[in-house]
Each structure stands twice: as C-alpha cells, then as structure tokens.
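So the structure is just underneath, and the comments pick up after that.
The values are calculated or read from the model by the stated rules, or taken from the named source; none is laboratory data. These numbers were taken from a predicted model, which means no experiment stands behind them. Cβ placement follows ideal geometry from the backbone for every residue including glycine, while neighbour counts extend to all protein chains displayed. The area values use the complete protein model at the heavy-atom level, side chains included, leaving out ligands, DNA and RNA. Shrake-Rupley method; radii C 1.70, N 1.55, O 1.52, S 1.80 Å.
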There are 2 protein chains.
Amino acid sequence: MSGPKEAQQAAELTYTISELAAEFGITARAIRFYEDQDLLQPERDGIKRVYLRRDRGRLKLILRGKRVGFSLSDIGEMLALYDPNNESREQLKLTLGKSRDRLAILRRQRQDIDEVIAELEDGCRQISDLMETQTETS
Amino acid sequence: MSGPKEAQQAAELTYTISELAAEFGITARAIRFYEDQDLLQPERDGIKRVYLRRDRGRLKLILRGKRVGFSLSDIGEMLALYDPNNESREQLKLTLGKSRDRLAILRRQRQDIDEVIAELEDGCRQISDLMETQTETS
DNA sequence: ATTGACGTTGACGTTAACGTCAATTATCAT
DNA sequence: ATGATAATTGACGTTAACGTCAACGTCAAT
C-alpha cells in the first residue's frame, strides 16, 4: 500500500471548530448552536466535527445575516434559497414571494440606516464645529 | 372665572398611550416598557400618561432604531445625543467618539445590506427566468 | 349605581441566542 | 503511560424585549 497516510487523501481544506471560531471571532458554542438550528451540517471524523470551505462559506453568510439583524431562523430561510432546492413550480413561486418580501424589508432597513447615518454625520459636524469654536486659540 | 374648562388651556396635541400604540402598530405594554428603560418621559394627568408630539417623535426614533437592529440601550445612547446635553469639552469628545463608532457600525451594516440585496435580486431574476423557461406557452 | 372601555401597576412567563459549567473522550507530545 | 490540550454532549443559567394575567382605579354614559 502506498497511500500517504491511510484515509486522508487530498483535500487539505478542512477546519476544526476552534479554528473557525478564532477566525470569525465567535465561540465554538455558537457554531454548535448554529448546527443545532440546522444552519450548518459539518462532516464528522469519528466524533469530531470537520468543516469544509462550504461550511465556512455558510458560516460567513450566517454572520453577515446577523450583522444585518436577521434572526437565525430568518437566516435559515435565506440559506435554503441557496442550495439545490429547485423544486416544483409552486415551490418556486413561494421562494420568489419570500425573497421579495425580504427584499422589501431590506430596502426599508437600508432607508432607515441612511437616515440615521445622515443624522449622525450631521451631529458629528455640529459637535466638531462647536469644539472648534470654543477652542482657546493658543 | 372665565377659563374654558379649568386646567386644559390650549395645546390639543396630546396622545393617549393606546393612540400611539395603534398609530405605530405596537402595544401599550411596549410603550410602557420603553418608559421603564428611560427612552420616554411622558407627562401625567393624574395617573394617566399624556404624550406630547415630542414624545411621539422620540417613539418614532425608537422604532426606527429597532428596525435598524439597535438594542434599546443603544437607542437610549443615540437619543441622548439629541437632547440639550451640550456638556463639557470632555463630554463632547466622548459623544463624538461614540457617534463615530456607531457610524462605523452603520456603514458596515449598510454594506452588508447592499450585498444581501444584490444577491437576493439576483436570485429572484434567476427564478423568474427559470419559471418563464418552463412556462408552457399557451 | 352599574356597566364598559380604557388606564395603571406589579409580577410572572416566554423566546432567542447563546454562556457557562460538568463530566467524558480523543489526541498528542513527552 | 501520562498529563496537557482540544473536542464532545448534556444541562442549566442569562439577557433582552416584551407578552400575559391579575387586581385595581376612573370616568362617561346609561
């Protein structure tokens, strides 16, 4: 037998749970929790979880979803849109509907964010001005 | 004495808690909770809460903050930036710092949202195309 | 005086998204 | 073989943001 080391053949692109945790600045607990919620389905090497770049990608999407303010179940729905789920015509219509609903929410959110940003920028300007004014010129 | 009806003089611009609740599609419980968290400070007519347009404005800001994904304490900090809080130079620097931190978060969030929107729009296009394709032309 | 409709204050319940142990198991270097 | 190190599975704790329910006050209309 001339295998390099038994089972491990080629793909070196795997991650342990703590590697991912470190990379994304979260805890292993959180990652396991996402799995509990069916947002991740890592492989197993015996009992240990093995994450592939596919899983890493999904984790990235999960975290982006969180930053956007989505709940984990929201994120679950969105992730479902990405995998080979091209079902019946009815399913497609449903998916399309949900996507559009979410788009509406996102656009509203974007609008809100733009407003808050504008106000905060304005506030910062005013404070800066005020501070310049009251600066005792040396 | 020729008063119109004792204490009530001119300002007709007040709201009851359930009026506000109805207008904004939330519950009175929520509004009272915001008060508990010092996000609102309505007047009182005896024991009953009386909201002025100022309070209504703050409530609007609170709800926008929520849509953006802020926690109530985040929102509290942001509201604090709006009232006559023009304190010492030190305070101003602090406020300015916090505002800029929050701006950074908001810009990141805006970025994330734009990405998700783009992907979802793309997904919708693909689904639409697919559905047109499989449409049996009548 | 009574009946609703609305308002008030507790106080406890609930859900989401993990944190925080504890008890085990596997791995790896010494 | 032996710790040290990292991983696993429960199980219970925690925080935020209200929901829900009970018990009570109030005010206008009947």
Exercise. Just a yes or no: is a residue in the stretch A:59-69 at pLDDT 95 or above, of a type in the set (Gly, Ala, Ser) and out of contact with any helix residue (DSSP H, G or I) (no Cβ under 7 Å at 6 or more places or on another chain)?
Worked result: no
Problem set entry | All positions within the stretch A:61-73 that are within 11 Å of chain B (Cβ to nearest Cβ) and part of a helix (DSSP H, G or I) | A:61, A:63, A:64, A:65, A:66, A:67, A:68
For this session: Could you pull out the residue among B:121, B:87 that is part of a loop (DSSP other than H, G, I, E, B) and farther than 30 Å from residue B:14 by Cα?
Result: B:87
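Does the stretch A:13-53 hold any residues that are aromatic (Phe, Trp, Tyr) and either part of a strand (DSSP E or B) or in contact (Cβ under 8 Å) with a residue 40 or more places away in the chain (or both), and which are they? If you could, list the steps in order and put the result at the bottom.
Initial filter on the stretch A:13-53 (aromatic (Phe, Trp, Tyr)): A:15, A:24, A:33-34, A:51.
Selection gives A:15, A:51.
Any chance you could count how many residues in the stretch A:90-106 are facing chain B (nearest Cβ under 7 Å) and either open to solvent by 60 Å² or more (accessible area, probe 1.4 Å) or among the polar types (S, T, N, Q) (or both)? Explain how you work it out, then say what you get.
Of all residues in the stretch A:90-106, those facing chain B (nearest Cβ under 7 Å) come to A:92, A:95-96, A:99-100, A:102-103, A:106.
Still in the list and also either open to solvent by 60 Å² or more (accessible area, probe 1.4 Å) or among the polar types (S, T, N, Q) (or both): A:95, A:99-100.
Total satisfying the criteria: 3.
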Exercise. Hey, does the stretch B:101-115 have a residue that's in contact with an Asp or Glu (Cβ under 9 Å, 6 or more places away or on another chain), at pLDDT 90 or above and either among the polar types (S, T, N, Q) or in the same structural domain as residue B:59 (by TED's automatic domain parsing) (or both)?
Worked result: no
For this session: Out of the residues in the stretch A:74-84 that are in a helix (DSSP H, G or I) and among the aliphatic types (A, V, I, L, M), state the one that is nearest to the other protein chains (Cβ to nearest Cβ).
Result: A:78
For this session: Taking the options A:49, A:56, name whichever one is out of contact with any helix residue (DSSP H, G or I) (no Cβ under 6 Å at 6 or more places or on another chain) and open to solvent by 50 Å² or more (accessible area, probe 1.4 Å).
Result: A:56
